[in-house]
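This report concerns only the one structure given below.
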């Protein structure tokens, strides 16, 4: 095979960039009501669950050398996968707008030149990343990651070097709800990871490194958000940066962490669009998604994203549960069919079940229980049909 394959190091860099995210820091501030100890435990448990699923999804794409939405065809059929491709594009457009909005708001809080100007600056940098292309980013990505790594270490020392934290900040949250909020962020990457592991030289190792690197960095970002909220009593990331004494350095963290993460969302939206129609260009669809994100972020306020995260969980948790059962246990491949109606019905059951479980305060959150039940239904249904 003559095409260039990505190394384990390159996959690690990609997912380091995904983890260093303003959205992750902001989500971390929601854990402050639990206090530091319980908040940290909820973050770790949630990420162990979410990143285990991320690893399995990456292995499926890496071993079959298929994009994320192409692997969905194996469980839901050629036409059945279109539903998830469209839903994935919609969530990625949403994420692109959210990330640009959060980045612009925080950047404007540090240097107030106007939200819409920052939306444009961040959006144009994302488009530049897309046009350079994931296989050509190489040194640019390395320099960006090293810079972000150094700055987030400085931010961590400033926040945690101050000592004493407040007991809680904001409205109370149950431990189970906190775990679910921790699972939700890695879960949002499930429909994307195969877009990158399919190019890997060593798919299993690349998937493992991707999941571990993302999990560690994401926990770190959550911890920064929670610690900053407890220390400063603020949940506004711009105010946290200013109170921590980060001026230009804080601005660099805000802008480049937004660019490196949102690039992955826009790029994968382009890849998913190719699953909808082979006539579409993934690169230019990614640019279009970024433009829509810029306009949306500039015109509309996008504040609390918890409902959005839970919606993503309810759609993609039962989807990946069926894929894991089919690929690893049942050895089932439906990519030759138009639809696999059994799996489509099981997915609907899993979706409804997730929404119901959201109202149940299960200590490990709704995702773990929903996926176990969905996988059991999938295995039993396949055994009966055989």
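The values are calculated or read from the model by the stated rules, or taken from the named source; none is laboratory data. Predicted, not measured: the structure shown is a model, and the values here were computed from it. Every residue, glycine as well, gets a Cβ built from its backbone with ideal geometry; the counts of neighbours run over all protein chains shown.
Tabulated data for the structure shown
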{"quantity": "Lone unmet requirement of (1) surrounded by fewer than 19 Cβ atoms within 10 Å (Cβ to Cβ); (2) farther than 28 Å from residue 224 by Cα for residue 52", "calculated": "(2)"}
{"quantity": "Residues (in contact (Cβ under 8 Å) with a residue 60 or more places away in the chain and out of contact with any helix residue (DSSP H, G or I) (no Cβ under 9 Å at 6 or more places or on another chain)) located in the range 311-335", "calculated": "none"}
{"quantity": "Any hit, the range 16-26, residues being at pLDDT 90 or above, within 16 Å of the chain's Cα centre (by Cα) and closer than 21 Å to residue 220 by Cβ", "calculated": "no"}
{"quantity": "Members of the range 277-310 that are crowded, with 18+ Cβ neighbours inside 10 Å, closer than 25 Å to residue 183 by Cα and either modelled with pLDDT of 90 or more or over 15 Å from the mean Cα position of the chain (by Cα) (or both)", "calculated": "293"}
{"quantity": "Failed item in (1) touching a residue at least 12 places away in the same chain (Cβ under 8 Å); (2) over 12 Å from the mean Cα position of the chain (by Cα), with residue 47 passing the rest", "calculated": "(2)"}
{"quantity": "Exclusive hit being more than 16 Å from the chain's Cα centre (by Cα), more than 25 Å from residue 114 (Cβ to Cβ), crowded, with 18+ Cβ neighbours inside 10 Å and at pLDDT 85 or above, set 231, 223", "calculated": "223"}
{"quantity": "Residue within the range 359-367 that is farther than 26 Å from residue 62 by Cα, part of a helix (DSSP H, G or I) and touching a helix residue (DSSP H, G or I) at 6+ places or on another chain (Cβ under 6 Å) present", "calculated": "yes"}
